[in-house]
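Quick notes on the structure that follows.
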Amino acid sequence: MSVHRLGAALLVCGLVLQAGGAFIAASGTLGHLQRLLALPELERGALAASEPDDPWARAGQVRLRAELAGRSLAPAASAAAWRFFAGSPPPPPGARVYLAIPLSVLYYDAQFFWLPAEIAVAPAPSRIVDDASLKRAAAAFRPRSDADLAAAGFDYVLTARGARLELRRVGGEPR
Amino acid sequence: VNTAGLLAAAAALLTVEALGALAFAGLAGPRRFPLALRLGASFALGLLVLALGLFFAALAGIRPQSWLALPLAALLAPFAALRARATPVPSALPAAPPEPRWSALDLALAAGIALFLAWALAGALLEPLAEWDVLAIWGLKARALLAEPLRIAPQLHAPELAYSHFDYPLLWPLAMSWIWAWCGEIDLTAVKLLGPAVLAAIAAALYGLVRERASRTVALLASFVACSLPMLVAQSVRLLADLPLGLFFLLTLGFLARARASDDPGALRLAAAAGGGLAWCKNEGLALLFAAALCLALPGLTPPRAARPRWLAARRFAAAAGLLAAPWLLFRLGLDSDYGSGGGFSLRLAVAQASRLVDLVSAAPRYLLAYDDWLFFWPVVALALLVAGRRDSGLRWLAAAVQAPLALYAIALVGNRWQLGDLLENVFSRLLVHFAPAECLLLALAVARSQAKN
């Protein structure tokens, strides 16, 4: 057998393996699809927002997959954040919301879901490029009471009560 | 599931296809192209037409609205009508052998393609938009463009939103805002139709590009391999912007290869349009565009007698693609592109951190051989090139054009501020998505070539 024929035979074998592997890989996501089918939309979104729980969200992340292999996982913060933002009424357009928990996942979600409300961790605008810069910006403003927030021009505050996120009017009750 | 939202999104996607079909007809000239290629390429061109149209409308203070499809169609229709009057002539490529009957393998491959597209569609519709990258970057821009005209949208300038990368191009956000404009609300499920639509366009374009030169079985195989790649399915489900970039790169090189083989000016115009789409899709598109133009002109990849026409073709291609990209590139000059510690590239850093190249090369196999993402795809592509690439000059050119941007990507990764391990974990596999559809074309043509030798 010539080298060329051997190469061509190997190529055919490779393509057969590729095609077979594709079906096996797809069947691996069947369980995930079935799980999604059984859930209401809000829970499907929360599942999709959680990298450890969603095979498509983990795609391409080789290190993450290795770290997650064989471990039982707590629900990701991103899932709780998505559930809260997609399931809660947004603040009125133009409202200024103080984010009391300076986590990038909350900050990014709030900016998307609540546009055109203004979300901030401090009264003065600062450059936010990642989690670290968000925490630095938040550290510059330490309100002790709702009066401080009102004085800084905030209408609402996003905070946590226990494990639950909550949006409330400055000086008022949760919405 | 909101049925009305899904129907509105489907109608929005049909307008994308219709606008693209007009653009295709206007650019293609009298030569015939396979129907599948027309369909796949039309979707990509429709995205580009929409991006250009909505961008200029937004600059004029008009937000994305469904009625804008009419003036855009009216602008394109005269060009399409002008070309339609010309007498059609057959493709200048040597005709692939006619195959009136579908073999059992053909039918199995076609069923496999349908199955994987349905799989991606089911995943996309069962998961509302939740990928944080899409929400924080593309989705935020899409919402901002719907809310306010581009010239005043604070979301493109406010420092507290710098994480959303102001200088990222607007094709994908504009496509999302187009769907939401048709839905009349921010529907987080209906917008997901875009992802599987791009995957279907890749499958159709690949089939058409390969079918012009090879058997139906090989063309179906190329489509099947592309739409069954787990990484591509995941990207279409998650609505990431790397997949449309992969579509534009496939079309750019596919049409350029056709133009090289047949001196078809229509194919060169279509390649230039797809090249313009690269720049509108992602910043990496500029590297892909530059590399494609370079490979078209490079003397080592061109037979000596044909050097001058190829050089002219390269200039025409670069000028037309550059003209389409220019509005965005000029607008981008006024945007802040400094990501601070959030990443970003600097040439000075690339020189200072040159030793990262060794780490990059040693880490690459971990991602290239990741079975969960790619199965055996990259080794199979390498094998196909070894088997068939050496003696075929067309294949050699395509192989060079597909791989050339890798050098530019490597420089960008070396000169990035992020810690390399984290950077690769986040972007390496996504960057491979840009190349995967074009690699499928290469793989199929190599398989066809190896069949011919046997």
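Observations
- Residue satisfying all of: in region A:1-13; aliphatic (A, V, I, L, M) and more than 7 Å from chain B (Cβ to nearest Cβ); farthest from the chain's Cα centre (by Cα) among these: A:1
- Total residues in region B:136-190, condition away from chain A (no Cβ under 14 Å), farther than 21 Å from residue A:87 by Cα, outside any loop (DSSP other than H, G, I, E, B) and of a type outside the set (Phe, Trp, Tyr): 5
- Each residue in region B:410-454 was checked for being under 17 Å from residue B:241 (Cα atoms) and either more than 9 Å from chain A (Cβ to nearest Cβ) or without any contact (Cβ under 8 Å) to a residue 60 or more places away in the chain (or both), and 8 of them qualify.
- Scanning region B:132-154 for residues that are crowded, with 21+ Cβ neighbours inside 10 Å and either closer than 27 Å to residue A:22 by Cα or aromatic (Phe, Trp, Tyr) (or both) yields B:134, B:138.
- Checked against the criterion of being in contact with a Leu (Cβ under 9 Å, 6 or more places away or on another chain) and either closer than 25 Å to residue A:78 by Cβ or crowded, with 21+ Cβ neighbours inside 10 Å (or both), the candidates A:122, A:100, A:132, A:163 yield just one match: A:100.
- Selection within region B:381-405 - within 22 Å of the chain's Cα centre (by Cα) and in contact (Cβ under 8 Å) with a residue 60 or more places away in the chain: B:381, B:394, B:396, B:397, B:398, B:400, B:401, B:402, B:404, B:405
- Within region B:120-131, not a single residue is crowded, with 20+ Cβ neighbours inside 10 Å and more than 10 Å from chain A (Cβ to nearest Cβ).
- When B:399, B:350, B:444, B:452 are checked against the criterion of being of a type in the set (Gly, Ala, Ser), at pLDDT below 95 and under 21 Å from residue B:282 (Cα atoms), B:350 stands alone in meeting it.
- Of all residues in region B:214-235, those being among the polar types (S, T, N, Q), out of contact with any Asp or Glu (no Cβ under 8 Å at 6 or more places or on another chain) and more than 10 Å from chain A (Cβ to nearest Cβ) number 1.
- Residue that is surrounded by the most Cβ atoms within 10 Å (Cβ to Cβ) [pool: residues in region B:174-187 that are within 23 Å of the chain's Cα centre (by Cα) and either more than 27 Å from residue B:223 (Cα to Cα) or among the polar types (S, T, N, Q) (or both)]: B:178
- Residues of region A:98-129 satisfying the condition of being charged (D, E, K, R) and either touching an Asp or Glu at 6+ places or on another chain (Cβ under 7 Å) or farther than 11 Å from residue B:136 by Cβ (or both): A:118, A:127
- Selection count, region A:135-160, where residues are in a loop (DSSP other than H, G, I, E, B) and surrounded by fewer than 16 Cβ atoms within 10 Å (Cβ to Cβ): 5
- Test: residue B:259 is assigned to a helix (DSSP H, G or I) and within 14 Å of the chain's Cα centre (by Cα): no
- Extreme residue, farthest from the other protein chains (Cβ to nearest Cβ), among residues of region B:1-47 that are basic (Lys, Arg) and touching a helix residue (DSSP H, G or I) at 6+ places or on another chain (Cβ under 9 Å): B:31
- Scanning region B:353-398 for residues that are within 30 Å of residue B:452 (Cα to Cα), more than 13 Å from chain A (Cβ to nearest Cβ), surrounded by fewer than 22 Cβ atoms within 10 Å (Cβ to Cβ) and aliphatic (A, V, I, L, M) turns up just one, B:395.
- Residue in region B:2-17 that is hydroxyl-bearing (Ser, Thr, Tyr) and free of Cβ contacts under 8 Å to residues at least 12 places away in the same chain present: yes
- Condition met for residue B:452 (within 25 Å of residue B:212 (Cβ to Cβ), among the small types (Gly, Ala, Ser) and assigned to a helix (DSSP H, G or I)): yes
- In summary, residue A:94 fulfils each of the numbered conditions (1) closer than 18 Å to residue B:140 by Cβ; (2) touching a Leu at 6+ places or on another chain (Cβ under 6 Å); (3) not polar (S, T, N, Q) with the single exception of condition (2).
The values are calculated or read from the model by the stated rules, or taken from the named source; none is laboratory data. Since the model is a prediction, treat every value here as computed from it, not as a measurement. Reconstructed Cβ throughout: ideal geometry from the backbone, glycine too, with neighbour counts over all protein chains shown.
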